[in-house]
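Below is one structure, written out as structure tokens; the observations come after it.
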Amino acid sequence: MGNTRDKVSAIILHIPHSSTHIPEEYRYQFTLSDDELERENLRITDHFTDDLFSGLQGQYKKVVAPVSRLLVDMERFADDEQEPMAIKGVGCIYRTTSTGKPLRHQISDKERQNLMQEYYYPHHEVLTNTVDEILKDSSRCLIIDCHSFPSTPLSYDENQVIPRPDICLGSDRCHTPKELVETAKIVFEKYKLSVEVNTPYSGTMVPIKHYHSDTRVQSLMIEVNRKLYMNENTGKQNCSFLAIQQLLHECFSMLSE
């Protein structure tokens, strides 16, 4: 197995929170007005991360959620009893907004299951199958869990400390070798960006099938402070967008080695 193949085939970009799309057939579930729903999407969406992390030339595999996390959050555990954020109303099916207001009408178990069957389980099946395909030919599969975060904490964030770092790296004790974290820190700090590990957010995505059982699957969460690449009030990209995009690809190149 040559080095070129390793670099090209072994990285998956997992992008779960970039979409603002809520299909019209599910709009009835939400209590918010159109303007309120738009503002909530502005606050909690990882805007432009699909393009930010993968817009440059590169043969990385991508797994991108097709709908807003307000409809279904692919990054949460399916079972609310396993999901720490569910107690705050933001498990995989959100009940409250980022400001603590009711988000949804009470939905039935059947309605919840329909959402899970249509979006949540297929998303995770694609991610798992993509990992398995890579492992057929490679000794390692690296998942980059691609996120952004607001420069000021949301009301339900456990970590309310400000100012927040420019970059947050999330790790897992079984799936994130220290070398991955250190390499990413070196790249970002070279450009004078502040970097924290598992602060203000922690952990990284690994499919349940491989979680804590297959160390060939490696994973690193990279969260970019939104102030670096966009205007958080208008939702528009700023003049630093391309520079941050290029920096992320430099990081991927280093991590693939």
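Side notes on the structure shown:
- Among the residues of region 49-61, those identified as surrounded by fewer than 20 Cβ atoms within 10 Å (Cβ to Cβ) and modelled with pLDDT of 95 or more are Asp50, Asp51.
- Within region 190-215, the set of residues being in contact with a helix residue (DSSP H, G or I) (Cβ under 6 Å, 6 or more places away or on another chain) and closer than 16 Å to Leu142 by Cβ comprises Pro207 only.
- When the criteria are applied in full, Asp46 fails the requirement of being modelled with pLDDT of 95 or more, surrounded by fewer than 20 Cβ atoms within 10 Å (Cβ to Cβ) and of a type outside the set (Phe, Trp, Tyr).
- Number of residues in region 158-207 that are farther than 23 Å from Val63 by Cβ and of a type in the set (Gly, Ala, Ser): the value is 1.
- Scope region 80-139; condition in a strand (DSSP E or B) and within 23 Å of Gly203 (Cβ to Cβ); matching residues: Val90, Tyr94, Thr96
- Residue satisfying all of: in region 100-148; open to solvent by less than 30 Å² (accessible area, probe 1.4 Å) and among the small types (Gly, Ala, Ser); farthest from Glu24 (Cα to Cα) among these: Ser138
- Pairs linking a residue in region 33-51 that is in contact (Cβ under 8 Å) with a residue 24 or more places away in the chain to a residue that is open to solvent by 50 Å² or more (accessible area, probe 1.4 Å) and polar (S, T, N, Q), with Cβ atoms under 6 Å and 6 or more positions apart or on different chains, are Asn41/Thr20; Thr45/Thr20.
For every residue, the table says whether it meets (1) under 30 Å from Ile12 (Cβ atoms); (2) in contact (Cβ under 8 Å) with a residue 60 or more places away in the chain; (3) of a type in the set (Ser, Thr, Tyr).
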position	(1), (2), (3)
Tyr94	yes, no, yes
Gln117	yes, no, no
Glu125	yes, no, no
Ile134	yes, yes, no
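- First in region 236-251 and under 25 Å from Glu38 (Cα atoms), second anywhere and not aliphatic (A, V, I, L, M), Cβ under 6 Å, 6 or more apart: Asn238/Asn231; Ser240/Tyr229; Phe241/Tyr229
- The residue that is surrounded by the fewest Cβ atoms within 10 Å (Cβ to Cβ), counting only those in region 203-257 that are assigned to a loop (DSSP other than H, G, I, E, B) and β-branched (Val, Ile, Thr), is Thr234.
- Number of positions in region 149-195 that are closer than 18 Å to Thr215 by Cβ, hydrophobic (A, V, I, L, M, F, W, C) and open to solvent by 20 Å² or more (accessible area, probe 1.4 Å): 1
The values are calculated or read from the model by the stated rules, or taken from the named source; none is laboratory data. This is a predicted model, so every value here is computed, not measured. Every residue, glycine among them, receives a Cβ derived from its backbone with ideal geometry; neighbour counts consider all protein chains shown. Heads up: the accessible areas ignore ligands, DNA and RNA and are worked out on the full protein's heavy atoms, side chains in. Shrake-Rupley method; radii C 1.70, N 1.55, O 1.52, S 1.80 Å.
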